[in-house]
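One structure is given here, and the rest of the page talks about it.
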Amino acid sequence: MSGPVSPGTDKKEHEERGSVLIVDFSPTVRKIMRISLERAGYKVVSAGDGMQALASINESIPDLIFVDIKLPHMDGYQLCKVIKSHGLTKEVPVVMLSGKAGVLEKMKIKMAGASDFITKPFGSEALVGAAEKYAR
């Protein structure tokens, strides 16, 4: 017989949350995002650039990918297009992270195939809200 379960430790609820890949050049941003998403029960993996992200996706396809637009080697638009061009990942939602929210930016995000975007700076509510909306 086990003791009482403390709030927030329900394993079943945790297992029902999806897996999330965070792709952002800033280790600080990745850490803050990771903390918010893990507290909400998501399994989180992160990458600092597009190449690391693709390597991570090859190991395990996440349920949702957050991608910063400004990345080294391959920008977020290019990464999103690569993700959306492959059969195994074309249905994975991609939420872009951008410091701009102008008409041109929104058009480029849509053309890249992203499901949505969040404008930086953002709070944990916006981040977790997007995860709840798009992660399976």
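Any read-out appearing in this document is the output of simple, stated calculations on the displayed coordinates, not a laboratory observation. This one's a predicted model, so the numbers in the text were calculated from it and none came from an experiment. Reconstructed Cβ throughout: ideal geometry from the backbone, glycine too, with neighbour counts over all protein chains shown.
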Top mean-square fluctuation among Gly113, Gly48, Gly99, Gaussian network model of the chain, C-alpha springs under 10 Å? Gly99
Along the Cα→Cβ direction, 7 angstrom out, place labels at Glu132 and Leu88. What is the inter-label distance in nm? 3.2 nm
Give, rounded to the nearest 20 debye, the magnitude of the charge dipole that the chain has about its Cα centre when Lys and Arg contribute +1 at Cβ and Asp and Glu contribute -1 at Cβ. 300 debye
Where does the Debye-calculated log10 I(q)/I(0) of the chain sit at q = 0.10, 0.13, 0.14, 0.17 Å⁻¹, using only Cα point scatterers of equal weight, no solvent? -0.32, -0.52, -0.59, -0.85
For Tyr134, Tyr42, which order do you get if you count the other beta carbons within 10 Å of each Cβ and list the fewest first? Tyr134, Tyr42
